[in-house]
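Encoded as structure tokens, the structure appears first; notes follow it.
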Amino acid sequence: MSHAPADAVFVQTMQLGGDGLRVGVKDSIDIAGYATRSGSIAFAAAPPAARHAAVVQALLDGGCRIVGKTNMHELAYGVTGINRSTGTPRNPRYPDRIPGGSSSGSAVAVAAELVDFALGTDTGGSIRIPAACCGIYGIKPTYGRVSRAGVHPLDSTLDCVGPFARDLNMIERAMALIDSSFVPEPPPTTVRVGWVDVIAAPAVSTAVRSALDDANVTVTHHPLTLFEEAFGAGLTIIGAENWAAFGHLTDSDAPGTALGADVRARLLAARGITREALAAAEKCRQNFRAEVDALLERVDVLALPTLPDFPLTLEAAADAHAAVRTTAFVRPFNLSGHPALTIPLETPARLPAGLQLVGRRGADAALCALAQRIVGRSAPLRDAGAR
């Protein structure tokens with residue numbers, strides 16, 4: 001069993017709640033009595049939260065034991081998980097690769113078996129990316145399904161709270177804990193998969209398609225004509241909303257309060273987003289959501305790689321453009337609001353990839369059941385998820 005350095009995985013440890021499942025909670029989610037710093041020294045003097053976030057209260061009501069607040073990419077505004085202030089959690093399965101962000105500590109805590117499951121948030125892939133990087137499962141629920149009360153930033157039209165786990169059964173248990181309306185369903189006997197035509201690294205595409213072939217499901221090919229536009233629209237909206245939430249933090253360059261250079265640069269770039277650009281992004285949101293809804297009337301689930309290539313090496317992650325493009329296949333479904341789950345798999349070269357499944361809005365339990373059917377029929381996926 002591999003372990004990551006606890007001081008980089010957790011920004012604060014605790015023993016809160018019952019004696020049930022051990023849970024890590026991302027540092028952008030309020031826990032009463034503890035400061036919520038969102039992985040940033042800009043919030044070093046933040047007061048303790050006055051009350052639990054709704055999802056934290058649900059965990060405690062369910063008998064879980066919260067063992068720590070997990071590290072993250074600063075302000076949840078990055079996908080590498082590299083944080084020069086709070087440390088970078090080491091990817092326990094692929095140590096030369098990024099842990100992924102922004103929910104880096106939550107993914108690493110699960111992969112290193114420090115917790116039974118962990119909560120993260122996903123505004124542009126921030127659960128699915130670190131899950132794929134670290135070789136575990138992660139789900140972004142339907143937008144609005146899981147309460148964001150007490151989750152930062154407080155206002156977001158993209159962000160979702162969801163769990164990481166080492167197997168799908170635990171994903172379903174975690175979802176039922178944070179969403180009382182979630183009831184696990186039995187796996188279907190047949191599955192119609194709509195393969196979304198995207199351009200990924202050949203080894204990644206081969207691994208994902210092989211996993212579907214092994215699962216013995218019906219696969220048909222489908223384009224999403226607004227997919228690339230939706231990626232750009234998602235960047236526009238997250239930029240505008242993060243500037244509104246955190247733009248004031250760019251005013252300080254005093255030692256001990258300044259933002260990391262990568263996050264500060266992204267915020268300052270977002271400052272220039274116009275009303276016209278935001279309106280166009282919102283129009284794209286409506287059109288892309290309708291396009292995905294229409295396709296999911298013809299198939300049971302959409303499938304595509306989670307990442308367009310293998311996770312970046314720690315060295316290559318310095319390239320900001322390459323880091324943002326990591327979200328090319330995940331960010332569009334934040335825009336549309338559909339639930340999306342990533343399944344771990346591994347190539348013959350012993351590098352991680354992910355199979356992303358996208359379900360109908362509100363049908364999160366059905367999406368998990370479809371994933372159970374695919375994983376249950378595919379030996380390579382079982383091996384990757386239980387290394």
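The values are calculated or read from the model by the stated rules, or taken from the named source; none is laboratory data. Bear in mind the structure is a predicted one, so any value in this text is a computation, not a measurement. So basically every Cβ, Gly included, is an ideal-geometry build from the backbone, and we count neighbours across all protein chains shown. Keep in mind that these areas ignore ligands, DNA and RNA; they rest on the heavy atoms of the full protein, side chains included. Shrake-Rupley method; radii C 1.70, N 1.55, O 1.52, S 1.80 Å.
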Inset, instruction - Go over the candidates ALA369, ALA349 one by one and state the one that is aliphatic (A, V, I, L, M) and buried (at least 19 other Cβ atoms within 10 Å of the Cβ). - result: ALA369
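Could you pull out the residue among ALA131, ALA118 that is over 19 Å from LEU16 (Cβ atoms) and touching a Gly at 6+ places or on another chain (Cβ under 9 Å)? Show your work before the answer.
On the way: ALA118 fails: over 19 Å from LEU16 (Cβ atoms).
After applying the criteria, what remains is ALA131.
Could you please find all residues in the range 259-281 being surrounded by 15 or more Cβ atoms within 10 Å (Cβ to Cβ) and closer than 18 Å to THR157 by Cα?
Scanning the range 259-281 gives LEU267, ALA270, ILE273, ALA277, LEU278, ALA280, ALA281.
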Legend entry - Among the candidates LEU307, LEU312, residue that is farther than 30 Å from ALA363 by Cβ and surrounded by 22 or more Cβ atoms within 10 Å (Cβ to Cβ): LEU312
Legend entry - Residues that are over 16 Å from the mean Cα position of the chain (by Cα) and touching a residue at least 60 places away in the same chain (Cβ under 8 Å), drawn from the range 90-124: ARG90, PRO92, ARG93, TYR94, ASP96, ARG97, ALA112, GLU113, LEU114, VAL115, ASP116
Inset, instruction - Could you look through the range 185-205, keep only residues that are assigned to a loop (DSSP other than H, G, I, E, B) and among the hydroxyl-bearing types (Ser, Thr, Tyr), and pick out the one that is nearest to ARG360 (Cα to Cα)? - result: THR190
Inset, instruction - Collect the residues in the range 20-35 that are part of a loop (DSSP other than H, G, I, E, B) and within 19 Å of the chain's Cα centre (by Cα), keeping them in residue-number order. - result: ASP27, SER28, ASP30
Inset, instruction - Determine the pairs where a residue that is more than 11 Å from ALA233 (Cβ to Cβ) and in contact (Cβ under 8 Å) with a residue 24 or more places away in the chain, located within the range 269-280, has a partner that is open to solvent by 60 Å² or more (accessible area, probe 1.4 Å) and among the aromatic types (Phe, Trp, Tyr) with Cβ atoms under 8 Å apart, the partner being 6 or more residues away or on another chain. - result: ALA270/TRP243; ARG271/TRP243; ILE273/TRP243
